[in-house]
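Participant: Right, I'll just put the structure down here and ask away after.
Every read-out reported here was derived from the displayed coordinates using simple, explicitly stated rules and does not represent laboratory data. It should be emphasised that the depicted structure is a prediction, and the values quoted were computed from it without experimental measurement. So basically every Cβ, Gly included, is an ideal-geometry build from the backbone, and we count neighbours across all protein chains shown.
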Amino acid sequence: MTPLSIRVRLPAMTEHILLTIDGPRATIILNNPAVHNRLAPADIQAFIAHLDTVEATGDLRVLVLTGAGEKTFCAGFDLGSLKPGGAASGGEGGDGAGKGRGEDGGAGRRYGFEVLCDRLEALRVPTIGALNGSVYGGGTDLALACDFRVGIRGMRAFLPAGRLGLHYYPSGLRRFTERLGPGVAKRFLLLAEEFDSAELLRIGYLDWLVDRVDFATRVDGLAATLGGLAPLSLSGMKASINDIAHSSFDEATIRARIRVCAQSEDLAEGIAAVADKRKPVFRGR
């Protein structure tokens, strides 16, 4: 595990996807602004490997996902790697293989960009999408896979699947419909509408919209808040909320998560801190 007092920059399989760990906070930076932070298959593999690291590092409490540069957070999958007859989500993933023909029209497999967004959505720790610029294509779903989204005034969002002849992958359709409702999902996917920053806030795509000068402060404040809360409680409630949103509500599973928190040292510490009128120190156990 990484001690909370140490700041490290972990080696990446590609310099286009960078991971840093600073105390309880991990940050992944999409680092290819020359091409609007588009993700090629190798970038997706590196990204997923970094998510594995975050998942396995028990001291981490929050992940911030952002992009390099000031123009674009992410322009989605590198269309130069996309071939007719292949998957709409770009690049084969190592998991999710199935038998027979699947919804992507191929061999029943889930593909790299879909796997990446699903892994990000299901990550143990809360995630903040720090949208440093506009979001295009699959970048719109990558941002939706985060638990929270902070945007910059003047950014835009656009999803051109219908203009390209692509049918979006199932979990991406689910995220757009769950988070934004069928009507807004259809505006993104059927009309290929371009949204400005004010409309993105109004429809609930963004949780906060700030000026660029206030962007880092808002993101850092959210990360600090999440980093100081009880991690067992947050991870359990995040998983339960996701289950309910996915229509996979299972009361026994949720009650098992409740028992973990009820029997934890963190709950005892939280109660003691209230009695002592001090800030609690949670240890995730």
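Participant: Return the loop-located chymotrypsin sites (Phe, Trp or Tyr not before Pro) in region 157-255 (DSSP other than H, G, I, E, B) with at most 11 other Cβ atoms within 10 Å of their own Cβ; answer none if there are none. Numbers along the way, then the final one.
Facilitator: Values: sites: PHE158, TYR168, PHE176, PHE188, PHE195, TYR205, TRP208, PHE215, PHE249; in loops: TYR168, TYR205, PHE249.
Those that pass, being in a loop and sparsely packed, are PHE249.
Participant: On to the next question. Please identify the GluC sites (Glu not before Pro) of region 157-218 that satisfy two criteria: DSSP loop assignment and at most 16 other Cβ atoms within 10 Å. Which are they? Could you put the intermediate results ahead of the total?
Facilitator: On the way: sites: GLU178, GLU193, GLU194, GLU199; in loops: GLU193, GLU194.
Of the GluC sites (Glu not before Pro), the ones in loops of region 157-218 whose Cβ has at most 16 other Cβ atoms within 10 Å are GLU193, GLU194.
Participant: How large is ³J(HN,Hα), in whole Hz, for each residue of region 16-22 in order, when computed from phi with the Karplus curve 6.51 cos²θ - 1.76 cosθ + 1.60 and θ = phi - 60°, using x for Gly and Pro?
Facilitator: Each residue's phi maps through the Karplus curve to give 7, 10, 10, 10, 10, 10, 10 Hz.
Participant: What is the Rg over Rh value, at two decimals, for region 231-276, using alpha-carbon atoms and the Kirkwood definition of Rh?
Facilitator: Values: Rg = 12.4 Å, Rh = 11.4 Å.
In region 231-276, Rg relative to Rh is 1.09.
Participant: Determine which aspartates and glutamates satisfy two conditions relative to LYS277: a Cα distance under 20 Å, and not lying fewer than 8 residues away in the same chain.
Facilitator: In chain and number order, the partners are GLU265, ASP266, GLU269.
Participant: Restricting to DSSP loop positions (anything but H, G, I, E, B) with no more than 14 other Cβ atoms inside 10 Å of their own Cβ, which trypsin sites (Lys or Arg not before Pro) remain in region 185-278? Write out the running numbers ahead of the final one.
Facilitator: Details: sites: LYS186, ARG187, ARG202, ARG212, ARG218, LYS238, ARG255, ARG257, ARG259, LYS277, ARG278; in loops: LYS277, ARG278.
Listed in order of number, the matching sites are LYS277, ARG278.
Participant: Taking neighbour Cβ counts within 10 Å as the exposure measure, how do ASP59, ASP250 sort from fewest upward?
Facilitator: Working: ASP59 16, ASP250 11.
Least to most surrounded, the residues fall as ASP250, ASP59.
Participant: In Å and from the alpha-carbon atoms only, list the Rg and Dmax of region 188-285.
Facilitator: Rg, Dmax (Cα atoms, Å): 18.6, 56.
Participant: To continue, here is another question. What distance in nm lies between label points placed 7 Å from Cα along the C-beta direction at VAL213 and LEU190?
Facilitator: 4.3
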